[in-house]
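Only one structure is covered here, and it is reproduced in the block below.
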Amino acid sequence: MTLDISKYPHLALANTPDELRLLPVDSLPAVCDELRTYLLKSVSQSSGHFASGLGAVELTVALHYVYNTPFDHLIWDVGHQAYPHKILTGRREAMSTIRQKDGIHPFPWREESEYDVLSVGHSSTSISAGLGMAIAAEKEGLGRKVVSVIGDGAITAGMAFEAMNHAGDVHSDMLVILNDNEMSISENVGAMNNHLARLLSGSLYTTIREGGKKVLSGAPPIKELVKRAEEHIKGMVVPGTMFEELGFNYIGPVDGHDVDELVNTLKNMRNLKGPQFLHIMTKKGKGYAPAEADPINYHAVPKFDLTQNPIPKTKSQPTFSNIFGDWLCDMAEQDSKLMAITPAMREGSGMVRFSKAFPEQYFDVAIAEQHAVTLATGMAIGGYHPVVAIYSTFLQRGYDQLIHDIAIMDLPVMFAIDRGGLVGADGQTHQGSFDLSFMRCIPNMVIMAPSDENECRQMLYTGHQHQGPSAVRYPRGSGTGVVPNREMTAMEIGKGIVRRQGEKIAILNFGTTLSYALEAAENLNATVADMRFVKPLDEALILELAATHDTLVTVEENAIAGGAGSGVNEFLMKRKVLKPVLNIGLPDRFIEQGTQAELHAQLGIDGPGIEKQVKAYID
């Protein structure tokens, strides 16, 4: 989106933080207004993360105005709120390409800008990284400042508290800013968030504040004193104690939408020694009423007309998340011991209906993947039937718990792994490229990869019935159009099925790339097997296909290294079957952003890509 200087006279003068710092401080409110308007129009025309950035405009302007970025290190946790930061750091004209193939990254990204000191995408990393940078800056001795910005959802994760506990011990100079908008992606949950809300809205603080105003209201000369006294009382009453006990100097809460006050506060705090904690209160979706009223649905948006409310929903086939959500409700009607766990991804995992229909069987543990997995351990030991609904990329954070707390004890916990494979626009940090590889090496695991909606439903049922750890792994987005059977039937574990009979070439497909495999097979006259199970493999089917075909081809939307195809290779070598095997999947690199279809074509895992790779291999 090209900048119209007549509409953005102040923002036009602030394309970089150096330019922003040349502006008079009294122009900053106008900069904020124009920046928010630009962000509204830009994201509505290009799609992207929406509500978080709107709530962080004043904070972004104040930080770049007070701190000497990029020399001073500014770290954004997760990065959903970093769009205003991108606009102010030389990427304004490229915002129309955000989250698109070859466009700018959806999150802060080191390769993209010197202002993006930490590449992010997952939550709760900013304080640990910031502390490391603060220790380095102290040893460097050049006066470099470090600021970590974290949201009230991300700060609930244990990693954030581990970092703060250490920061209080080593006492390095750093500033942690809690951007408190009472909303991460889903509603924030947990005792800490409740504690914050209770204290901030409590009658004690309100009584002290309002009582002081009444007593002093008739004394205009000391009006400023009243204001300062109110701020002091606020500091005594709100939950600063918790952070003070961790070794931080706590200041706040302050209005995160008052840019003048933020600038003054940050200037005061910039040169304070030791770990500092600034608590600001903001409104997610600030400046756009529909997003303020419904920040969950406006967290990330498609292209839309700002005059339309709500955003028109596009009609599409049910997603695999929908299939899971429907199965979960149907299963809970039959099994009162089913317990569903999610780490703060109720909407994304398709669990909204379940959470309302079965509130006693629903557990949102906040951004705490490790806890989510071991919570399921305890439930399974207690005789219940836990289902952990988790994105592939976030299961990485609970890997030790999967091994140590579930697999070693062979506990009946099922993982419904959403976003398996390429998710598209969120790029490297969110692609589900590795789950088949990192789960396949774990003893006792049963790993299923459905090729369509019905297989997904039946596999979920199969995993739920299995008396050991299991995983059903399915992709982001719409299904293939297959209507699942209402009746649920347990599948025979470790058995695949031949979907097309051909000759010479046999394609062993794992998951929803089946349609691509069948497309390629038509031109290759190849046999196609829907393998269904990554672990245990259908060894009899593999041996049969190896005996009756010249070449085997494995296809999966997972890293080739250690994936399902590697399992086929290992089995054939163990049996001393010398057969050419082509493994098709994701290459040994982190996959960038783009639509799923664009990435499938680029990486050669769509129909034409599979056909091309097979022909090149056998020629």
Using alpha-carbon positions, the gyration tensor of the range 311-380 gives root eigenvalues a ≥ b ≥ c; with a/c under 1.5 called rounded, otherwise prolate if a/b exceeds b/c, else oblate, the class is oblate
So, with points 7 Å from each Cα along the Cβ direction, the Lys504-Glu261 label distance in nm works out to 7.6
Rounded to whole angstrom, the alpha-carbon centroid of the range 321-342 lies from that of the range 1-69 at a distance of 44
Extension length gain for Ser515 and Lys495 (0.36 nm per residue less Cα distance), in nm, is 5.3 nm
The simple spin-label model distance between Leu306 and Ala289, using points 7 Å out along Cα→Cβ, in nm, is 1.5
The FRET efficiency for Lys612 and Leu578, from their Cβ-Cβ distance with R0 = 35 Å and rounded to 0.05, is 0.85
Diffusion coefficient in µm²/s returned for the chain by Stokes-Einstein, Kirkwood Rh over C-alpha pairs, 25 °C and 0.890 mPa s, is 93
Exposed GluC sites (Glu not before Pro) being those in a DSSP loop with at most 13 other Cβ atoms within 10 Å, the longest stretch of the chain free of them is 115-486
In deg cm²/dmol, rounded to the nearest 500, the helical mean residue ellipticity at 222 nm of the chain, built from -39500 (n - 2.57) for every DSSP H run of length 4 or more, is -11500 deg cm²/dmol
Note on the range 464-619: contact order normalised by length, alpha-carbon pairs under 8 Å, 6 or more apart, percent, works out to 22
Among Ala366, Met351, Gly383, the residue whose Cα sits farthest towards the positive end of the charge dipole of the range 320-473, when +1 is placed on the Cβ of each Lys and Arg and -1 on the Cβ of each Asp and Glu, is Ala366
For the chain, the longest principal axis of the Cα atoms and the Cα long axis of helix 320-334 enclose an angle in degrees, to the nearest 10, of 80
Simple spin-label estimate for Thr2/Ser336, 7 Å along Cα→Cβ, in nm, reads 6.8
Per the 1/(1 + (r/R0)^6) rule, R0 = 25 Å and r from the Cβ atoms of Asn523 and Val483, FRET efficiency to 0.05 is 0.30
With R₀ set to 22 angstrom, the calculated FRET efficiency between the beta-carbons of Asn454 and Ala597, to the nearest 0.05, is 0.45
With +1 on the Cβ of every Lys and Arg and -1 on the Cβ of every Asp and Glu, the dipole magnitude of the chain about its Cα centre, in debye rounded to the nearest 20, is 320
Taking Cα atoms, the helix 191-201 axis meets the longest principal axis of the chain at an angle in degrees (rounded to 10) of 30
Between the Cα axis of helix 607-618 and the main Cα principal axis of the chain, the angle (0 to 90°, nearest 10) is 50
With 0.36 nm assigned to each residue of separation and the Cα-Cα distance removed, Val352 to Ala540 gains 63.6 nm
The whole-number value in µm²/s of the Stokes-Einstein translational diffusion coefficient for the range 549-601, with Rh from the Kirkwood sum over alpha carbon pairs at 20 °C and 1.002 mPa s, is 174
Quick note, the range 320-473: a/c under 1.5 would make it rounded; otherwise a/b > b/c is prolate and the rest oblate (a ≥ b ≥ c, C-alpha gyration tensor); here it is rounded
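Values quoted throughout were computed directly from the atomic coordinates according to the rules given, and no laboratory measurement underlies them. Just so you know, these numbers come straight off a predicted model, no measurement behind them. So basically every Cβ, Gly included, is an ideal-geometry build from the backbone, and we count neighbours across all protein chains shown.
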